[in-house]
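Some notes on the structure that comes next.
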Amino acid sequence: LIAALTKQGLANDTGLQVGTSKVFMKTAISDRLEEERAVSLSKWVKEMQRVARGFLVRLVSRNWSKTRQGMRDAIKSRNKDLLKTAILSFGSMPYGGRHLEEYKTGRELLNKIEDEERISKLLQDAMAARDKDQIEAALKAANEKNLGNTKEAKDAKMLVELIEREDRSISVAPH
């Protein structure tokens, strides 16, 4: 040990004394060895931190990739509940993931699905009431959202035509 310390220039023979079970050294040599120990320990701690941080970044990155894939799957399925869950899972990403294309596309699709459901409900309620003005207002909303070719919209158009024919036949019928 003493030969190794002397070879590295950390100690010299005059500052050290070897006993039977201990090594005695002058304060200057002890302080120098303590400084070198701290430097060496610092290097190892930094290396361990580097490895741990790299592992954590890879782990987070893998989770973010899974989140993005989950959103792509939800978009393909057009499932409202899956889209909501996928949007919520973006919360752990920087900026809540709002800057990512998958998030934007998923949010737009969810809004579109909710619009479709709202307009479908409007059309169904209007047809159930057989109110021509209410049906036409619901059809206008459907056309504004490019939903004029849905089954409900087509059924509503046919019902409006039927109501108009009935109104004409009532007004033309002799009294």
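The values are calculated or read from the model by the stated rules, or taken from the named source; none is laboratory data. Everything quoted here is computed from the prediction, not taken from an experiment. Note that each Cβ is placed from the backbone with ideal geometry, even for glycine, and that neighbours are counted across all protein chains shown. Heavy atoms of the whole protein, side chains included, go into the accessibility calculation; ligands, DNA and RNA do not. Shrake-Rupley method; radii C 1.70, N 1.55, O 1.52, S 1.80 Å.
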Qualifying lysines (Cα of each under 21 Å from Cα of Lys104; at least 8 residues distant if same chain): Lys66, Lys76, Lys80, Lys84, Lys112, Lys145
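Helix-derived [θ] at 222 nm for the chain: sum -39500 (n - 2.57) over DSSP H runs of at least 4, divide by residue count, nearest 500? Numbers along the way, then the final one.
Details: 6 runs with 131 residues, N = 175.
After summing the helix terms and dividing by residue count, I get -26000 deg cm²/dmol.
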With +1 at each Lys and Arg Cβ and -1 at each Asp and Glu Cβ, the charge dipole magnitude of the chain around its Cα centre, to the nearest 20 debye, comes out at 1020
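Exactly which trypsin sites (Lys or Arg not before Pro) in segment 68-173 are in a DSSP loop and have at most 16 other Cβ atoms within 10 Å? Intermediate values should be presented prior to the final figure.
Working: sites: Arg68, Arg72, Lys76, Arg78, Lys80, Lys84, Arg98, Lys104, Arg107, Lys112, Arg118, Lys121, Arg130, Lys132, Lys140, Lys145, Lys151, Lys154, Lys157, Arg165, Arg168; in loops: Arg78, Arg98, Arg130, Lys145.
Filter output for segment 68-173: Arg78, Arg98, Arg130, Lys145.
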Only residues of segment 1-23 count here: report those whose backbone N is under 19 Å from the spot 7 Å along Cα→Cβ of Ala38, or say none. 10-11
Near Lys132, which aspartates and glutamates are there with a Cα under 16 Å away, not counting those fewer than 8 places off in the same chain? Glu152, Asp155, Glu161, Glu164, Glu166, Asp167
Segment 93-151 and segment 1-39 have their Cα centres apart by a whole-number Å value of 80
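What net charge do the residues around Arg37 carry, taking every other residue with its C-beta under 12 Å from that of Arg37, with Lys and Arg at +1 and Asp and Glu at -1?
-2
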Taking the Cβ-Cβ separation of Gln49 and Gln69 as r and a Förster radius of 30 Å, what is the calculated FRET efficiency to the nearest 0.05? 0.50
Short version: ³J(HN,Hα) in whole Hz for each residue of segment 41-46, in order, from phi by Karplus 6.51 cos²θ - 1.76 cosθ + 1.60 (θ = phi - 60°), x for Gly and Pro, what are they? 5, 4, 4, 5, 5, 4
With point charges of +1 on the Cβ of Lys and Arg and -1 on the Cβ of Asp and Glu, referenced to the Cα centre of the chain, which listed residue (Val45, Leu159, Ala86) lies farthest in the positive direction of the dipole? Val45
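Write down the Å³ per residue value for the convex hull defined by the alpha carbon atoms of the chain. Let's see the in-between values first.
Details: hull volume 30.2 nm³, N = 175.
Measuring per residue, one finds 172 Å³ for the Cα hull of the chain.
Arg58 to Tyr95: FRET efficiency via 1/(1 + (r/R0)^6), r the Cβ-Cβ distance, R0 22 Å, to the nearest 0.05?
Here the calculated transfer efficiency is 0.60.
With every protein chain kept in the model, how would you rank Trp44, Trp64 by accessible area, 1.4 Å probe, largest at the top? Each step should come with its number before you reach the end.
Values: Trp44 165, Trp64 85 Å².
Of Trp44, Trp64, the descending order of accessible area is Trp44, Trp64.
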